[in-house]
Amino acid sequence: MNFILNFEGTKSMKTIFFLLLSTLLFAHPHIFIDIYPDVVVENGIIKKLHFTWKIDEMSSSMILMDTDSNGNGKIDPNEEKSVEENYFNTMTDYDFYTFIKVANKKIPFPQITHFHPFMENHKMCYGFDLELHTKAKETSLEFGDSDFYVALTLKDKFVKIKGAKAKVTGVDNDFYYGYRLEFK
């Protein structure tokens, strides 16, 4: 800390130092989420789109400490609303870091139904459905956060799909990385 307080150098050196410092402090994820989609396609139409998000253990323990009013280490039905209102719904303005394209055009984020938080292996999990009834072959889902606060991961082994095939690809958005789920 003494170095920072007594830092003497050119104005440009100070600027570079503080830019690097601010990058270290602010440009990193605060929460890590693994995405597990469960999709059912019938006659080429997406009939069911269920997600389970598994949140990293540190973030999970903070959410649990804040919402587990009876201290039993799980989310009971009377505690679910607190998780939804204070944690899950805070991502509404960001479309839950999910961008949906149909026929290569971004569509408005659909209605979420059946939200259910639960604990599994020391991780907070959010289960929820999206009301999406589109042609599977024209639909793609992309996950990412351009603000770098949330790191989302999607892997082939996380995807369950019935009635169609899909592939997971990485997406380089110039300054942030995301994942895309495309149906075949």
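Filter region 104-120 down to residues that are in contact (Cβ under 8 Å) with a residue 40 or more places away in the chain and either closer than 19 Å to L154 by Cβ or crowded, with 20+ Cβ neighbours inside 10 Å (or both), then give me how many there are.
Of the residues in region 104-120, 2 are in contact (Cβ under 8 Å) with a residue 40 or more places away in the chain and either closer than 19 Å to L154 by Cβ or crowded, with 20+ Cβ neighbours inside 10 Å (or both).
Out of curiosity, is I100 over 23 Å from G170 (Cα atoms), surrounded by 14 or more Cβ atoms within 10 Å (Cβ to Cβ) and β-branched (V, I, T)?
Values: over 23 Å from G170 (Cα atoms): no; surrounded by 14 or more Cβ atoms within 10 Å (Cβ to Cβ): yes; β-branched (V, I, T): yes.
Answer is no for this residue.
Say we look at region 59-74 and pick out the residues that are hydroxyl-bearing (S, T, Y) and out of contact with any His (no Cβ under 8 Å at 6 or more places or on another chain); which of these is farthest from M119 (Cα to Cα)? Steps first, answer last, please.
Within region 59-74, the first condition is being hydroxyl-bearing (S, T, Y), and the residues that meet it are 59-61, 67, 69.
From what's left, out of contact with any His (no Cβ under 8 Å at 6 or more places or on another chain): 67, 69.
Numbers: T67: 12, S69: 14 Å.
Within region 59-74, the match that is farthest from M119 (Cα to Cα) is S69.
Would a scan of region 76-83 turn up a residue that is modelled with pLDDT of 95 or more and in contact with a strand residue (DSSP E or B) (Cβ under 6 Å, 6 or more places away or on another chain)?
yes
Using beta carbons and a limit of 8 Å, which pairs, at least six apart or on different chains, have the first residue in region 30-41 and modelled with pLDDT of 95 or more and the second one crowded, with 20+ Cβ neighbours inside 10 Å and assigned to a loop (DSSP other than H, G, I, E, B)?
Cβ pairs passing all conditions: D34/L154; I35/L154; P37/L154.
Take T169 and decide whether it is β-branched (V, I, T) and either farther than 16 Å from F96 by Cβ or modelled with pLDDT under 95 (or both).
Details: β-branched (V, I, T): yes; either farther than 16 Å from F96 by Cβ or modelled with pLDDT under 95 (or both): yes.
The answer is yes for T169.
Look through region 78-103, keep the residues that are touching a residue at least 40 places away in the same chain (Cβ under 8 Å) and not in a helix (DSSP H, G or I), and return whichever of them is farthest from the chain's Cα centre (by Cα).
Among residues in region 78-103 that are touching a residue at least 40 places away in the same chain (Cβ under 8 Å) and not in a helix (DSSP H, G or I), the one farthest from the chain's Cα centre (by Cα) is K101.
Is there any pair with a first residue in region 53-77 that is surrounded by 19 or more Cβ atoms within 10 Å (Cβ to Cβ) and a second that is β-branched (V, I, T) and part of a helix (DSSP H, G or I) whose Cβ atoms are under 7 Å apart and which are 6 or more apart or on different chains, and what are they?
Filtered contacts from region 53-77: I63/V83; T67/V83; I75/T67; I75/V83.
Tell me, which residue of region 138-155 that is outside any strand (DSSP E or B) and at pLDDT 95 or above is nearest to the chain's Cα centre (by Cα)?
First, pick out the residues of region 138-155 that are outside any strand (DSSP E or B): 138, 144-149, 154-155.
With at pLDDT 95 or above added as a condition, the list becomes 138, 154-155.
Details: E138: 23, L154: 10, K155: 13 Å.
So, considering only residues that are outside any strand (DSSP E or B) and at pLDDT 95 or above, the one nearest to the chain's Cα centre (by Cα) is L154.
I need a count of the residues in region 37-72 that are part of a loop (DSSP other than H, G, I, E, B) and in contact with a Leu (Cβ under 7 Å, 6 or more places away or on another chain).
Just the residues of region 37-72 that are part of a loop (DSSP other than H, G, I, E, B), to begin with: 43-44, 56, 68-72.
Among the residues that remain, those that are also in contact with a Leu (Cβ under 7 Å, 6 or more places away or on another chain) are: none.
Number satisfying all stated conditions: 0.
Here are some residues: K160, K123. Which one is of a type outside the set (F, W, Y), out of contact with any Leu (no Cβ under 6 Å at 6 or more places or on another chain), touching a residue at least 12 places away in the same chain (Cβ under 8 Å) and crowded, with 17+ Cβ neighbours inside 10 Å? Before the answer, list the steps.
On the way: K160 fails: crowded, with 17+ Cβ neighbours inside 10 Å.
That would be K123, the only listed residue that is of a type outside the set (F, W, Y), out of contact with any Leu (no Cβ under 6 Å at 6 or more places or on another chain), touching a residue at least 12 places away in the same chain (Cβ under 8 Å) and crowded, with 17+ Cβ neighbours inside 10 Å.
Does region 130-157 hold any residues that are of a type in the set (D, E, K, R) and either surrounded by 18 or more Cβ atoms within 10 Å (Cβ to Cβ) or more than 20 Å from K47 (Cβ to Cβ) (or both), and which are they? Even if it seems obvious, please write down each step before you answer.
Residues of region 130-157 that are of a type in the set (D, E, K, R), as a first pass: 131, 135, 137-138, 142, 145, 147, 155-157.
Matches in region 130-157: E142, D145, D147, K155, D156, K157.
The values are calculated or read from the model by the stated rules, or taken from the named source; none is laboratory data. As the structure is a prediction and not an experimental result, all values here were calculated from the model. Virtual Cβ from ideal backbone geometry, glycine too; neighbours counted across all protein chains shown.
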